[in-house]
Amino acid sequence: MSADDLPTSRAEIAGWRARLLDRIVELGTRRLLGQQHNYPVYRPGDGRGAVAIESWRARSRDLKALSVELEARAELTGIDPRLIAAAREAGVLGERWSEQVVDAPRVRADDPGRAPLLDAIAEDMWALEHMAALDVALGQRAPTGRRIGADPFAEQYDRNMAALWNRANATAARAGLSETEQGELWGRDDRGWQLLVSRTTEHYLDLDRLGDLEEQRRFYAWAGIEWDAQRVTAGLIADHDDVVASAVRAPSPDVLIGRAIGAHEANRAADDVDIFGPDGTEIPLRAPESVFDAPAVESWGAEPAGEPLPRPPELGPAPGPEW
């Protein structure tokens, strides 16, 4: 799904996309309120008071960074850029995004019981597509989809993708997705993949931002992602037997990686850029056609959905005021 394919005015927008815009509004409002009402009070005897003021600024910057990431995601999931800009402005003004556009689209009504399921599927599919693009951008995949180089995070990264895919499928079966909804949630076209990979590899080609890309990849390699995904999937299967037999399936991780490779190659061909893997070997430009028809070496989703995992350590609360 490409934002360029969207007309200037849309008669309807999917509920999960509208709620994504709502989150952008919320982040903008929280940042504004935090700046205005959570500014720390300086008291005599505080000295420089560095901890208080730095915590306040760090929280403001964190909210801004989250908003920027969410806006990029909204654009790459096919939301009209006009609506994204409206959501950004609405957050500052304390209004609804629909109040910032004259011809605001009608939001498709979702059953209250299905809305959280649709949001969860959209979240997992974005993570899976983004993880595929990150893997390719960092030179972790050969043209066949096979892993190259030695990476201590690779095994857990792959397990996380498998666990997220299983959860997306179980949630989709529980929601009873229509064909239209399936197309919206995981029907990214070639142009959409090229845009997604381009936005990701821009960080790779800019050495100043390489650390940002590696940070994202290590975030997605956190073992807690697998633990949480398996926990939710096991609960869905236990509560609803029909989930196991459902024919509704999202594109598997190896398919997503194949599409990311194809998009990466198309972008490289257009830009005439050489990319090298972690061992310093140039990654060939052309991938065999079979990569799009046959699964990669890895076997995705082979682990039992309810396989118990040790609970990962809990992260402590972030310093600074809670806005």
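Every number in this text was worked out from the coordinates using simple rules, so none of it is lab data. What you are looking at is a predicted structure, and each value in this text was computed from that prediction instead of being measured. We place every Cβ from the backbone using ideal geometry, glycine too, and count neighbours over all the protein chains shown.
Please report the equivalent ellipsoid semi-axes of segment 7-107, computed as sqrt(5 x eigenvalue) of the Cα gyration tensor, largest first, in whole Å.
Taking √(5λ) for each eigenvalue gives 35, 13, 8 Å, largest first.
How do TYR42, TYR220 rank when sorted from fewest to most other Cβ atoms within 10 Å of their own Cβ?
Sorted ascending by nearby Cβ count, the order is TYR42, TYR220.
Can you tell me the relative contact order of segment 1-142? Whole percent, Cα pairs under 8 Å, sequence separation 6 or more.
Taking the mean separation of contacting Cα pairs over the length of segment 1-142, I get 39 percent.
Considering amide H positions built from the backbone, and no H for Pro or chain starts, which residues 5 or more places from ARG141, or on another chain, come under 5 Å of its amide H?
Under 5 Å from the amide H of ARG141: ILE148.
Could you line up ARG174, ARG188 from fewest to most neighbouring Cβ atoms inside 10 Å?
ARG174, ARG188
Taking 35 Å as R0, compute the FRET efficiency from the Cβ-Cβ separation of ASP46 and ALA115 and round it to 0.05.
So, using R0 = 35 Å, E works out to roughly 0.15.
Please sort 121-133, 77-89 by packing, taking for each peptide the average over its residues of neighbouring beta carbons within 10 angstrom, highest first.
For the peptides 121-133, 77-89, the packing ranking is 121-133, 77-89.
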